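Here is the structure we will look at.
The values are calculated or read from the model by the stated rules, or taken from the named source; none is laboratory data. Everything numeric in this text was worked out from a predicted model, so none of it was measured. Because the Cβ atoms are built from the backbone with ideal geometry, glycine has one as well, and the counts that use them run over all protein chains shown.
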Amino acid sequence: MTDPATRIVDTPEWRALKAHFEAIRDLHLRMLFAEQPNRGETMNLEVCDLYFDYSKNRLTPETIDLLVALARRAGVEQLRDAMFAGEKINVTEQRAVLHVALRSETNDEILVDGVNVVPEVHVVLNKMSVFCNRVRSGAWTGYTGKRIRNVVNVGIGGSDLGPRMATTALADFSDRSMTFRFVSNVDGTDFFEATRDLDPEETLFIIASKTFTTLETMTNARTARDWALAKLGDEAAVAKHFVAVSTNAAEVAKFGIDTANMFGFWDWVGGRYSYDSAIGLSLMVAIGPDAFRDMLAGFHAMDEHFKTAPIEANLPMILGLIGIWYNNFFGAETLAVLPYSQYLAHLPAYFQQLEMESNGKSVDREGNRVEWQTGAIVWGQPGTNGQHAYYQLIHQGTKLIPCDFIGFAQPNEVVGDHQDLLTANLLAQPEALAFGKTREEVEAEGVPAHQVAARVFEGNHPTNTIMATKLTPNVLGQLIALYEHKVFTQGAVWNINSFDQWGVELGKKLAQNIVPELSAVDESLPAHDSSTNTLIRRYRRLRSS
Ligand code: G6Q
């Protein structure tokens, strides 16, 4: 493991990579495939149900060896072992990082401060299962005795993106007689649109907030209570229409939710790592406890792989190291995540938070400013839609944009020949990005001379392709755990704390000062900079005009 005093960029392993980069930076994927025609057959990994092809990357087997050596030098394995052992690797918050415990098996043992946390995890899972079965079977009714048909999750950030992403991803496994909605934004239209066609008598709100103090969530929760009580009348109805997911029992009780209907989790689960905890309650109502547990088994299978496989065969580590190769050596700023599955429509946003909140850091674990690039900007949308929009820039723009393509061999619903068409696109794009189209090829097509230059594709755009048989709860669990551990690997190499989020904490406080100033009736000037002051004055004028 690197001595904390030795910066990763000062190690021989980093320098070796730098020299290697200079030697191969201009190699074209056309050349790499010509020199090593079996790249596609050898540069891949198969772990659990995921097949990972990394042959269309601007690297050689030597690059992988050097990256593996870097990871070893950075102590990725030791930090991983410390995480699994329940050590407080979230150094600024002095917390363990144990989302892996959320999918542990009943007989596992993971100690935090000498206490095995695994039994508590299973107590909550069992409580969730009982509750979800009651809601799904109709045994749990609303205040007026009607069956619950609508579930609205109220939460934001880590308490929203995961359940929202997974409920959409696994819609085909969900109870189709029920409606699932997600309210996150403090913009009142979010709540309005989510509830405008719902009957309060049939609606259950899950207030999901680790702290139970987040402005957006608490505002939406109060609005939800008013909305429900406007029809149901009696305060006693709250107990039948509101449950909470939180670590803060005192605030839950203060809100008026019976803490018997509170589902807990722990400070060692970060928000963006929490949808497989009770934060996934809405998902569990949707797909049922068995499918939820199957998803946890998928997470667990990837955890076991991450925990035991050597770096060179460790899928999350290799995925993370390839990201480092582009981020720190090629200077790529972003990563596009492109799932060829409409069910994964929210996956890019979910990975965006996972990666950018975890690794968007500029001080190292000892508090020194880092002098190397850290987390990439993550973005994307499902294919094939993006192909008709921003792929233009990926193919022919001036920027290097590594892409992760994700697809499935079997559709969840067979609709004509759509799956083959979808998959043809999934395969065609990485091929075109890698190999492009030369001037000679364009000319041979008889393209008019004035268009030739514009129709040349340089190629050499790197991609990973992840393919699985089918999008099931288990496979979704594997996929999410893969990226969680990829993020871990990168954070470990960069020597940053991937598990705090002080930037988010600041955001939670900033607006609080401005709220009273917006509605001030006097002409007093708020004490901000001249730009903010002018905007506040304009808003005051416009809001009442
Ligand atoms: C996640 C972040 C953040 C958090 C939200 C909601 O890792 O910390 O996205 O999940 O700010 O916080 P609460 O769950 O406390 O409402």
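Go through (1) closer than 23 Å to Lys508 by Cβ; (2) surrounded by fewer than 17 Cβ atoms within 10 Å (Cβ to Cβ); (3) small (Gly, Ala, Ser) for Ala208 and report which single condition fails.
If we test Ala208 against (1) closer than 23 Å to Lys508 by Cβ; (2) surrounded by fewer than 17 Cβ atoms within 10 Å (Cβ to Cβ); (3) small (Gly, Ala, Ser), just (2) comes out false.
If the requirement is being out of contact with any strand residue (DSSP E or B) (no Cβ under 9 Å at 6 or more places or on another chain), of a type outside the set (Lys, Arg) and assigned to a helix (DSSP H, G or I), which of these qualifies: Val135, Val130, Val186? Working first, answer last.
Values: Val135 fails: out of contact with any strand residue (DSSP E or B) (no Cβ under 9 Å at 6 or more places or on another chain); Val186 fails: assigned to a helix (DSSP H, G or I).
Answer to the selection: Val130.
Can you tell me which residue is farthest from Phe205 (Cα to Cα) among those in segment 223-274 that are among the aromatic types (Phe, Trp, Tyr) and free of Cβ contacts under 8 Å to residues at least 60 places away in the same chain?
Phe255
Would it be correct to say that Ala34 is part of a helix (DSSP H, G or I), under 30 Å from Gly436 (Cβ atoms) and at pLDDT 95 or above?
Here the answer is yes, as Ala34 does meet what is asked.
Among the listed residues Thr223, Thr219, Thr214, identify the single one that is within 16 Å of the ligand (Cβ to nearest atom), at negative phi, out of contact with any Ser or Thr (no Cβ under 7 Å at 6 or more places or on another chain) and modelled with pLDDT under 95.
Going through Thr223, Thr219, Thr214 in turn, just one is within 16 Å of the ligand (Cβ to nearest atom), at negative phi, out of contact with any Ser or Thr (no Cβ under 7 Å at 6 or more places or on another chain) and modelled with pLDDT under 95: Thr214.
Is one or more of the residues making up segment 256-275 assigned to a helix (DSSP H, G or I), over 19 Å from the mean Cα position of the chain (by Cα) and more than 18 Å from Asn133 (Cβ to Cβ)?
At the first step, the residues of segment 256-275 found to be assigned to a helix (DSSP H, G or I) are 259-261, 271-273.
From what is left, the residues that are over 19 Å from the mean Cα position of the chain (by Cα) are 259-261.
The next check asks that each one be more than 18 Å from Asn133 (Cβ to Cβ); those that pass are 259.
Scanning segment 256-275, I find at least one residue that is assigned to a helix (DSSP H, G or I), over 19 Å from the mean Cα position of the chain (by Cα) and more than 18 Å from Asn133 (Cβ to Cβ), so the answer is yes.
Criterion first (away from the ligand (no atom under 16 Å from the Cβ) and of a type in the set (Ser, Thr, Tyr)) does Thr203 satisfy it? Walk me through it before giving the result.
Values: away from the ligand (no atom under 16 Å from the Cβ): yes; of a type in the set (Ser, Thr, Tyr): yes.
For Thr203, the condition - away from the ligand (no atom under 16 Å from the Cβ) and of a type in the set (Ser, Thr, Tyr) - is met.
Would you be able to tell me the number of residues in segment 148-185 that are within 16 Å of the ligand (Cβ to nearest atom), among the small types (Gly, Ala, Ser) and without any contact (Cβ under 8 Å) to a residue 60 or more places away in the chain?
Result for segment 148-185: 1.
Considering only residues of segment 491-513 that are of a type in the set (A, V, I, L, M, F, W, C) and closer than 20 Å to Gly157 by Cβ, which is nearest to the ligand (Cβ to nearest atom)?
Val504
Could you pull out every one of the strands (runs of 3 or more DSSP E) wholly within segment 316-419 that has 1 or more residues that are in contact (Cβ under 8 Å) with a residue 24 or more places away in the chain and of a type in the set (S, T, N, Q)?
Passing ranges, in order: 334-339, 403-410.
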